[in-house]
Amino acid sequence: MLIYYLCNSTKRWAVLRDYVDGLTLKSLSTTRWESHVESVKAIKSQVSEIREALRKLAEISDDVELSRNADILVNKELSSFDFILSLVIWYEILIKINMVSKTLQYEDMSIDVAVTCLEGLVIFFEKYRRNGFNSAMVEAKEIALKMEIEPIFPVKRPVCRKRHFDEIGNTEREKQSAEESFRADYFLVIVDIAISELKERFEQLHTLQSIFGFLFDASKLKSLDDDELKYSCENLHLALKHGDTSDFDLEDLYSEMQILQVTFPSESYDTDKPWTSIRILEYLKRMDIFPNTMIAYRILLTLPVTVASTERSFSKLKLLKSYLRTTMTQDRLNGLAIMCIEKDMLETIEYADILDEFASQNSRRKHFLR
C-alpha cells in the first residue's frame, strides 16, 4: 500500500525524495531473497523520514482523499509500535536467510557445506525463538523513542462469545497481555514456520549426507575404522543399486577405500587447503588405480546441492519467450534455452556449414551429381 501510494504520482515521489535520499522504496524483484531484504531494510532504516514525507503530503495536498490516506499511514501504520517491531523481526529473519541463500549459490558448493549452513540456520532460528523477541523489543523501543512513539501495544477489545456447557475455557489465553498475544500470534508463528519449512525442504540433503557423508573430505574417510568403512560402503552400494545392477562392485569399492585411507598424501591434513571431495577426485584421476571409488565420487559431485540458482532463470526465460513470442512452440523454446545455456560451445560452431546443410535439406531443388 505504501509503495503504491507514493509511486502513483510523480509529485508525491518528489516530496518523498526531499525527505528520503537513501535506499529506494520502489518494488524490487519478487523472486530473490536479497530483494526482500532490501525492501524491508529501506523502510526499517528510513521509517522516520518516510513518516515525515507523508505528513508533508497530507498538509500540502488539495485532494481530500489523498490527505486522508496519508494521514492514516502516518498516524495508524507508521506510528504504531507493533509495526516497528514487525519490521525489526522480519529484517532479522530475512537477512539470515539471505546470507545462507547466497552461500548456497556458489559454484563450488558441496553437499556437506550446504548441510552445515542449513543446520546453522536452523540452530539460529531455534535460539532466536527463545531469545529473539526480547532483543527485537529492545531495538524496536529505541526506534520508537527516536520517533516519539510510545512503545506499547494497542489493547484490543476481547471477543466475547457464548460458551457451551461442555466447553472448557482457555483461561490462560484469555489472560494474555497485548505483548504476550503479539509474541504468540505473530512472532512465534513466523519463526516456527521458518524452522519447519527449512527442515522439510532440505530433508533430502540430510538423506544424502547419511549416504555420501564418508566421502565428503579426507579427514572423515581417514577417521573410519574397518567396520565403519564397510558399513558406509554397503550403505552407498544399497542406495545406488537398482534391481540386480549397480554402478560399482561392493567388494572392490571396499578394498579401494582401504588402500585410499593409507595412501593419502601428508598434506591431506593441511587445514589451509583441506581435501574436499573435488580434490580427492582429482587425486584419484592422477593415480588411475581406483575405478570404483572414482565412480562413487563422480556421482557425489554431480548431485545438485540446491535449486537456488533457478531464481535467475525467470529473467532469462523472459528474454527467450517475450510477449511477442507467446506462440512459440515448446520444441523451439527448448532449443533456444539450450543455445543460451551452452553459449560457450555455441561460439565455437561454424554457422556457415550449418546454414548450408539446412538450406540443402529444405530446398525444393534437388542437386544431383553428374
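We did not get these values from a lab; they are worked out from the coordinates using the rules stated. Fair warning: this is a prediction, and the values are worked out from it, not measured in the lab. Note that we place each Cβ from the backbone using ideal geometry, even for glycine, and neighbour counts take in every protein chain shown.
Worth pointing out:
- Between the stretch 228-269 and the stretch 98-141, the alpha-carbon centres lie 34 Å apart.
- Among 186, 106, the order by Cβ neighbours within 10 angstrom, fewest to most, reads 106, 186.
- Measuring between alpha carbons in the structure, the pairs from 102/241; 127/241; 127/220 lying more than 32 angstrom apart are 102/241; 127/241.
- Normalised by the number of residues in the stretch 42-130, the mean separation of alpha-carbon contacts (under 8 Å, six or more apart) gives a relative contact order of 22 percent.
- Were the residues from residue 289 through residue 185 laid out at 0.36 nm apart, the gain over their Cα-Cα distance would be 31.4 nm.
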